[in-house]
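Notes to accompany the following structure.
Here, each number is a calculation from the coordinates, and none is a lab measurement. A quick note: this is a predicted structure, and the numbers were derived from the prediction, not measured. Cβ sites come from the backbone with ideal geometry, for glycine too, and all protein chains shown count toward neighbours.
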Amino acid sequence: MSYTTTMNDDAHHHNPTGWRRWLFSTNHKDIGTLYLLFALTMLFMGGASAMLIRAELFQPGIQLLDPDLYNNLVTNHALLMIFGAVMPAAAGLANWMIPLMIGAPDMALPRMNNLSFWILPAAGTMLILSFVVPFFPGGGSQINTGWTLYPPLSVQVGMSMDFLIFAIHLLGISSVLASINIIVTLLNMRAPGMTMMKMPMFCWTWLVTAFLLILVVPVLAGGVTMLLFDRHFGTSFFDAAGGGDPVLFQHLFWFFGHPEVYVLLLPSIGVLSHIIPTFSRKPLFGYKSMVGAMIAVATIGMVVWAHHQYTIGMSLGAVSYFMIGTIIISIPVGLMIFNFIATMWRGAMTFETPMLFAVAIIMMFTFGGLSGVMLAVVPADMQYHDSMFVVAHFHYVLMPGAVFGLFAGVFYWLPKWTGHMYDERLAKIFFWINVTGFNITFFPQHFLGLAGMPRRIIDYNVMFTEFNAISSIGAMIFGFSHLLLLYIIIKTIRGGEKATAQVWEGAKGLEWQVPSPPPFHTWETPPSIKQVQS
Amino acid sequence: MSSTDQQVSYFIPDPSPWPIIGMVSLLTTLIGAALAMNGVVVGKFVVFGGLLLFAYLLYGWFRDVISENLSDKYNKQVDRSFRMGMFWFIASEVFFFLAFFGALFYIRNIALPWLGGEGYLSSTKELLYNQFDPAWPSHGPGELGGSFTPMGAWGIPAINTLLLLSSGATITWAHWGLKLNNQKTLVRGLIATITLGLLFVVFQAYEYIHAYEELNLTLRSGIYGSTFYMLTGFHGFHVSMGAIMLMSILGRSLKGHFSAHNHFAFEAVAWYWHFVDVVWLGLFIFVYWF
C-alpha cells in the first residue's frame, strides 16, 4: 500500500497544540520525544556528577568534596544514569519506533503510555530531593550506600533514603506500565501479515526487555518496601538480631539488578540489528538465532544474580552454580556478536556515524564482556571484587552496550524524527572525541583495579596517582564531548538538509515508508506486509 | 494473534489530563509519606491530599473509559489490548508477592540455619549467641519483641480460607449469570462475593487485634512478625482493593453496563479476585500452616 492514501485520513483529526499537546498527550511520537528529552536532561545531570567524582579523584587526598558528598554523588550518578538516562531513552526509542515499525496507529494503551512517562519527572524530583534534603536543617545524613542500597547502612541513613526508596517505587511503576504497554502493542497491534518472526529485531529486543522488567522490577519494589519497613516500622527483615539477614536484601536487589543489565543492553542490541544491516546493505545474518539467543540470555540472566555477591559466604555449591550459569551466558551473547560480524561480512559497507558507533560497540562491548568472564570466575573475583576493575568492566559493558547503542539509534533515526539530516562531519567529530575520551577514562581503571585500588572511596594510595590522573583527564574530554552532541541535536531539530522518507540508502522496513518527519498520525490503516522482510 | 478484525480503526483517545494528575497525586502522596515517616507533622495532611487527588483521578479516568465503552468506540482489538494489559499487570503483582514469599523461604531455609551455626561460620554462633535455637518460628538471637505465640492455622485462617474460596465460586456464579444475560444471578453473585470478601477483611482485622493483644505477636516480633504481617498485610490490602473494585462493578451491573459479550471490566476484576485467592492459598500453606 502506498502511503499517500493514508495521509489523506489525517484531515479529519485536529492535532492538539501548545502545552496541552505535551502534557495531555496520547500520541506515541510526542511521548517518545518527551522520553528522549527527559533522558537527555538526566544524562547531563548524571554526567555532571560523574565529572565531579573524577575531578576529586584526579589526585590523592581530599580536595573538592567531603566523603559523604562523594558517596552521595556516586549513588546519584548510578541512579540518574540507569533509571534516568538509559531506561527512559530506550523507552523513548520504543515509543517512537515500535508503532512505526509494526504498522500500528499508536501504542496499544495511549493514555497509560503518557502516565508511564509523566511518572518519570515525579521520580526524578524525588531522586533530586533525596540528594538535596541533607543540606537542609533536620534533613539527616547523606545517602552513602551507593545505588545498591545495602543494609544495614541504608537502614541508618536519614530521611533522604525514604525519598530515594519512593523514587524507586515510582520508577518501578513507570517501567512496569511502559512494559505492559509495549508487550500489548507488540502482541496485539501488528499489521496483518506481520507474524512474530517477521517483526523487526528492535521490536523483539524490546519484547524480551519488557518481559524482564515486568518480572524483576516488582521484586525490587518488594525489597525496598522491606527496607522502608525496617527503617520505620520495626520489622527485622535485614537485621540478624531479629532472625533476618542483610544478605537477603542483596539477593532481592540483584534478582532485579542482574536482569536489569540486560534491560539496559537489549534495546541497544535491537538498534544495532537495524543499523548494521542498513550500512552493510545486507539483511541481518541469523534472524532466528538472534531471537533465540536473546531469549536464552534473558532466561539464564534471571537465575544468575548472585555472581554479584560471591564474597558473602555462600555455600560452595551455590557459588559454583552461579559461576557456571554466568559463564554460559557468554555463549548466546557471543552468538549475537558473531551475527553482527557475519552481517558485515562482504557487505557494501559505508561508515556514517551510526555505523561508526556500531562497529565501536562490537569491539568495546566484546572487551567488556571478556572482563565480565574474568569477574565471573569465583577465585579470581575474590581478588577483583569491589575494585576499580569492576568499575572499568561495567562501564565497558554499559557505555558501549547501552549508551553508545542509544547514541547510534538517535543518529540513525534523528532524520526520520526531525525531517533533517544531522551534520555528518560534526557527528563524526563527536564520535571520535567521545569514544577516545571513553577509552582514556576507563581503560586505565582496569590496571588500577588489578593493582588493588578499591572503588567508591574518595581517597587513594599515592601509588595509583598516574592512572587516576589519566582517567580523570579522559573523563573531562568524555564528559564535555556531550555538549557537542547537544549542539548537533539542536542544530538538526532547527534545520538542515531535507531528509527523504528512506533516509539511508540501505534502510528497509515500514518506518522508512512514512515521510520524514512522519505526520502526527501514521498507519491509521494498517499497511500490508508482503514486501517487508528483514 | 495478529489483527485480523480491523474493520473499525483502532481507538486512539483524545489528549487526556488524567496521566498528569496521576503524576501530581503520586508525587504529593509520596513526598508527604516521606515527611510523615520522619516526624514532620505536615506530612500526614500532604499524604491525605495526595490520596484524595488519586481517588479523583481513578474516578475521572474510569469515568472516561466507561463512557467511551458505552458509546461503542472500542472494537475487538481494543478489548484484547485491555485484556492483555490486565493479564500482565497481574503477572507483575505475582512477582511483587514473590519477593515476600522469597524472603520467607530464604530466611527459613538459609538465613536461620546460618544463624544457628550451619556452614563454616559456626564459631560465630558459639561466640556470640550460643543459646540461640534457630527453629521456626523465630524472632532471632536478639529475641526482639519479647516472647510471642505464633498464629495457628486452624482457627480464623481456616475460616478465611473457606470464605475466600467460596467467594471465588460465587464470582464465577455471577459470571455465568452475566453470560446468560441473567441480571438477577449476576447481582446476587456479586453481592455474595463482596460480602464474603468484606467478612474476610473483618476476620483478618480481628486476627490482628487478637495477635497484638493476646499473643504479643507484633510487627516488631523479629523475622516471624515481619514476614507474617507483611505477607498477610499486603494480601489484606489487595483483598480490600478487590472488594472496592467489586463494588464498583456491582454498581455498573445495576446500571446495566454489561452485556453477555461486552464485560471486560467484570472479567478483569474477576481475574484480580482469583489472583488474590491464589495468593491466599500460598499464605495459608506457607505462613500459617507449615
Distant-in-sequence amide H partners of A:A499 (H built 1.01 Å from N, under 5 Å): A:H420, A:M421
Test item: B:49-60 mean partner chain Cβ contacts at 10 Å: 0
Chain A - mean residue ellipticity at 222 nm from DSSP helices (-39,500 (n - 2.57) per run, n ≥ 4, rounded to 500): -22500 deg cm²/dmol
Rg over Rh, two decimals, the range A:22-512 (C-alpha only, Kirkwood Rh): 0.95
Cut-off under 5 Å, modelled amide H: who pairs with A:S387 long-range: A:R455
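Could you please report the charge total around A:G313, scoring K, R as +1 and D, E as -1 over all other residues with beta-carbon less than 12 angstrom from its beta-carbon? Show your work: numbers first, answer last.
Working: positive: none; negative: A:D245, B:E118.
So the environment of A:G313 carries a net charge of -2.
Using the 2.2 N^0.38 Å rule of thumb for compact globular proteins, work out how the range A:30-129 stacks up: its C-alpha Rg over that value, please. It would help to have the intermediate numbers written out before the result.
Details: Rg = 17.1 Å, N = 100, 2.2 N^0.38 = 12.7 Å.
So the Cα radius of gyration is 1.35 times the expected 2.2 N^0.38 Å.
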Approximate spin-label separation B:S9-B:W154, in nm, with each point projected 7 Å along Cα-to-Cβ: 6.6 nm
Cβ-Cβ FRET estimate between A:L64 and B:L165, R0 fixed at 56 Å, reported to 0.05: 0.30
Label-point gap, in nm, between A:V462 and B:F237 - each point 7 angstrom along Cα→Cβ: 5.5 nm
Test item: A:181-191 mean partner chain Cβ contacts at 10 Å: 5
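Would you please give the FRET efficiency between B:W289 and A:I327, computed as 1/(1 + (r/R0)^6) with r the Cβ-Cβ distance and R0 = 35 Å, to the nearest 0.05? Intermediate results must be reported in sequence, preceding the final value.
Numbers: r = 40 Å, r/R0 = 1.15.
Efficiency at R0 = 35 Å is approximately 0.30.
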Relative contact order, percent, chain B [alpha-carbon distance under 8 Å, six or more residues apart]: 17 percent
Charge sum, other residues only, whose C-beta stays under 14 Å from A:M349's C-beta, Lys/Arg counted +1 and Asp/Glu -1: +1
Estimated inter-spin distance, A:A241 and B:V42, nm [label 7 Å along Cα→Cβ]: 3.4 nm
Pairwise FRET efficiency - B:D72 versus B:L199, Cβ, R0 = 22 Å, nearest 0.05: 0.05
Largest-first principal axis extents, alpha carbons of the range B:9-74, Å: 53, 16, 13
Where a label projected 7 Å from the Cα of A:I493 along Cα→Cβ would reach, residues of the range A:70-100 with amide N under 16 Å: A:89, A:92-93, A:96
Residue (of B:Y129, B:F95, B:N262) at the positive-pole extreme of the range B:75-289, dipole from beta-carbon charges: B:N262
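Cα convex hull of the protein assembly as shown: mean projected area in nm², to one decimal?
Working: hull surface 139.5 nm².
With the hull built on Cα positions only, its mean projection is 34.9 nm².
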The range B:75-289 - convex hull of alpha carbons, volume per residue in Å³: 113 Å³
Estimated vicinal HN-Hα couplings, Hz - the range A:364-370 in sequence order (Karplus 6.51, -1.76, 1.60; Gly, Pro = x): 6, 5, 4, 4, x, x, 5
Relative contact order computed over the range A:22-512 (Cα-Cα under 8 Å; 6+ residues apart), in percent: 16 percent
Debye, to nearest 20: dipole size of the range A:22-512, +1 on Lys, Arg Cβ, -1 on Asp, Glu Cβ: 1500 debye
Set of aspartates and glutamates with alpha-carbon distance to A:K491 below 20 Å, sequence-local pairs under 8 removed: A:D30, A:E352, A:D423, A:E424
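Okay, helix-only estimate at 222 nm for chain B: each DSSP H run of n ≥ 4 adds -39500 (n - 2.57), divide by all residues, round to 500 deg cm²/dmol; what do you get?
Numbers: 9 runs with 199 residues, N = 290.
Dividing the helical sum by the residues of chain B leaves -24000 deg cm²/dmol.
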Theoretical gain in end-to-end length, A:L483 to A:L37 [0.36 nm per residue, Cα-Cα removed]: 159.1 nm
DSSP loop GluC sites (Glu not before Pro) with at most 13 other Cβ within 10 Å: longest gap in chain A: A:1-496
